1. If I take every Cα pair under 8 Å that is 6 or more residues apart in region 194-340, average their sequence separation and divide by the length, what percent do I get for the relative contact order?
2. Cross-link partners among aspartates and glutamates for residue 297, C-alpha distance below 17 Å, same-chain residues fewer than 8 apart left out?
3. Normalising by the residue count of region 1-140, find the relative contact order in percent from Cα pairs under 8 Å and 6+ residues apart.
4. State, to one decimal in nm, how far the label point of residue 192 lies from the label point of residue 340, with both points 7 Å from Cα in the Cβ direction.
5. Residues with amide H under 5 Å of residue 37's amide H, sequence separation 5 or more or different chain, H placed in the peptide plane at 1.01 Å from N; which?
6. Just need the relative contact order of region 275-392 here, percent rounded to a whole number, with Cα pairs under 8 Å and 6+ apart.
7. So between residue 32 and residue 413, what do we pick up on full extension, going 0.36 nm a residue minus the alpha carbon distance?
8. Using the structure shown, select from 100/183; 29/100; 103/362; 29/103 the pairs with a Cα to Cα distance greater than 29 angstrom.
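Derivation of every value follows stated rules applied to the coordinates shown; laboratory data play no part. Given the structure is predicted, the values throughout are model-derived calculations rather than measurements. So basically every Cβ, Gly included, is an ideal-geometry build from the backbone, and we count neighbours across all protein chains shown.
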Amino acid sequence: MENRNRCPVVDFDHNSQEHSADPVASYRKVRQNERVAWTEAHGGYWVLTDYESVFEAARDDETFSSARTEYGGEGLSVVIPKTPMHFHIPIELDPPEFRKYRKIVNPITAPAAVERMKALVDRHTAGFIDSVIEDGRCDLTSVIAVPSIVTVDWLGLDLADWKRYSHAHHQALAGIPGSDDYKHAMEVEFPYLGERMRETIRARRENPTDDIISYLVQQEVDGRRLDDFEMYSIVDLLLAGGVGTTASLVSQALVWLAEHPSVRQRLIDDPGLMDHAVEEFLRYFSPTQALARTVTKDVEFQGCPMHKGDRVLLSWSSANRDEKLFDNPDEIDIDRWPNRHTAFGIGVHRCAGSHLGRYMSKTLISQILERMPDYEVDFSALERYPHQGTNMGWQRIPATYTPGPRVLTDYTLY
C-alpha cells in the first residue's frame, strides 16, 4: 500500500493471539486513547472502537463500502484480512443494489417468519438436549450446535451434512489460517459442500418444496429469476450467518452463568427476565466482534485522514463497551434497559437474522436452565475459539449435571 501520513498509529492486530487472549482489554486500550487509529497489520487498516465512530461509519455506505473490491486483496470483503470465500449477497453489496436482494431476504427472516419456525427450533433444541440428558455429563457445545442444524434444515440442505457445514464455516471465521483444520476446511470441505449446495439448488428449480431454497429459486431481481450465482451467494451467506453467531453467544452466556449462580437462579425463577438478559448478553459478548468496510474516497473522519482504498474495521464489540454510552459497560446487568447495543450491526446492513438469532439464543439458554439447572462447568478444561478476531466463544465446555429424562420419542440425531 502507498505510504501516506497516518494519525494516530497503534500496535494492534485483532487476529493476533495476544488480542484473542483478551479482546476486551485490547479494544479498550485503543478506545480510551485514540478511538480511531491506524494499524500496519495485514497491509494496514483503520480500527474504529467508540460508539459514535462505529455508528457514523456504519450508516455512511457512500464512504464506507461493503462491496468486494481489489483493495485488501481477494476474498470476503467484510473481514480483515479477507477470507477466501464465495461472494456473499447481499452483505457484499451497497445500496441501491443491496436493497433489491435484501427485499427478497427480509420476508424469510421477519418476526412473522420466525414465529413459524419456533416449532422447528424447539424440537431440535429438545432433541439435542435429549441426546445427553441421561448421561449427567457432556460437552455443552454439542448442545449449542443447534443453530447449525436449524439453519441447514430451514434452508432445505441435507441434514446429514450439518456437522460439515458447521465445522467449515467455523474454521473460516474462527480457525487459525494455515492450520491443518483451516486448510482442510478450505481445500476439502468447502468444495464438497459447495457442490452439494449447487445440487440442491438445481433440484429445487425442478421440484420446489416448502424450504427456503425453494422460495429463493422463485424470486426475481430486475424482472428475472435469480441465477445460480446469486442463489449460491445468498444461500451461502444465510448458512454462514446461521451456523456461527448464535452458538458463539450461547457458549459465552452459559459459561458466564456458571460463574454467576445467583443470576442463573434469577433466570430460573423468573423466565420473564430472559428477553432482557439475552439483549445484555448480546451487548456484552458481541458474538460478531467486528466487520470491515473499504473507504471509497479521500475523506477526513473523526480527525483522521482516510484515503480511497483504505480498509476499516468497525468494532461492534468495542462500541458495546463504550463508557460514554453504557453505565458500567464491563459488567453484565440483565435488567439493563433500554439497551442500544450494536451486536447485530447498524444501518442498512444490520443483520437480517436478528429475530431468529434472538429466538434461538433464548430457547437454548432457557431449555438448558430448565433441564440442566444445576450444570457445573469444568473451568480448567474450557477451550476458547483459537482465533477471536471475528467470532468469540468457547469450542469446548465440559459440564456435569443431574441426569434427567428424555422428552422426545421420535427424534433422530444426525
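1. RCO, region 194-340: 17 percent.
2. Reachable aspartates and glutamates: 2, 56, 60, 61, 62, 70, 94, 310.
3. With pairs under 8 Å counted, the relative contact order is 12 percent.
4. 4.8 nm
5. Under 5 Å from the amide H of residue 37 lie the amide H atoms of 47, each far enough along the sequence or on another chain.
6. It rounds to 33 percent for region 275-392.
7. 132.4 nm
8. Working: 100/183 35 Å; 29/100 40 Å; 103/362 27 Å; 29/103 39 Å.
Among 100/183; 29/100; 103/362; 29/103, the Cα-Cα distance tops 29 Å for 100/183; 29/100; 29/103.
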